[in-house]
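Taking it in order: structure first as C-alpha cells, then the write-up.
Any read-out appearing in this document is the output of simple, stated calculations on the displayed coordinates, not a laboratory observation. Because the structure is a prediction, the values reported are computed rather than measured. FYI the Cβ positions are ideal-geometry reconstructions off the backbone, even for glycines, and counts take in every protein chain you see.
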Amino acid sequence: MKLFVFTVVAAFSLSACTVLPAKQEVVKAPVPESEEASSEKIYAQPDSAKFSAQLAEQLVDNASIRLNTAKVGITNLVGVTSQYDESSALSQVLSEQLLLELHRRELSVLDFKATDFIRVTPKGDFALTRDYLELDEIMPITHVLVGTLSHHRNGVMANTRLVDINTKAVVSVAQVFIPEAVARQLDESYGQPTIRKAP
C-alpha cells in the first residue's frame, strides 16, 4: 500500500514540475522603405483633396448653427467674375471632394443630381443626371454650399459658404488658396482660353 501511495505522489510531483519553453517574442521583419512608399502611393489622394479637406474643416469650425440639423446640397464653385452659370473641371472636382469631406464629418449631404430610376444604355448604367426635368422638384435641402474661384498669378483662391436656402443667411464660410501646380493638374486650361498658332 505504501508503495502504491509513493508511486501516485511521485507521478503527481513529476507532472507538476513540467517546464514549458518560454514564449518567444515574434519580431516582424522591417518593411523596406521602397515598399512602404509604393503602398502609400497606391492609396494616396490627389493633391487637391488636401484643400477640399481644409475647406470642409473650416466650414464645420466656422458654423453658426448646429450642422447636424442641416441637409446640404453642394453646387459647383464658379468664377468670381463669371455669370455664375459655368463651371470648370477644377470646380467640379472640388465639389465632388467637398461632398466626400462633409460626409466624413457626419453632415447630411443630399445628392440632388440622383434620379429615382436607373437609365440602362449601351454606354453604361446611370442614376445621375444634369437634366432638370429628370430631377425631383421638391427636395428637403435646407442649406446649399456655394462658392467662387478667383485666379491669381500663383494659384486659385477658393471661397465657399454655407447658405440657408430659405433665408439666404450665411451660416458658415471657408477659404483656401490652391497653388497653381495643383490647379493645373485638374484644369489644363486653368480657366483661360487656349491659344494655338495656326499651322
* Asked: For residue 53, what charge total do you get from the other residues with a beta carbon under 15 Å from its beta carbon, if Lys and Arg give +1 and Asp and Glu give -1?
  -> -3
* If you line up the Cα atoms of the stretch 77-144 on their principal axes, what length do they span on each, largest first, in Å? -> 37, 30, 23
* To do: Measure off 7 Å from each Cα along the Cα-to-Cβ vector at residue 175 and residue 120, then give the distance between these two points in nanometres to one decimal.
  => 5.2
* Under a 5 Å amide H to amide H cut-off, with H placed in plane at 1.01 Å, what residues pair with residue 155 once short-range neighbours are removed? -> 180
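To make sure I understand, if each residue's beta carbon is the centre and we count other beta carbons within 10 Å, what order do 87, 150 fall in, fewest to most? Walk me through the numbers before you get to the answer.
On the way: 87 17, 150 14.
So the ranking, lowest neighbour count to highest, is 150, 87.
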* Asked: With each label point set 7 Å from Cα along the Cα-Cβ vector, what nm distance links residue 113 and residue 64?
  -> 3.0
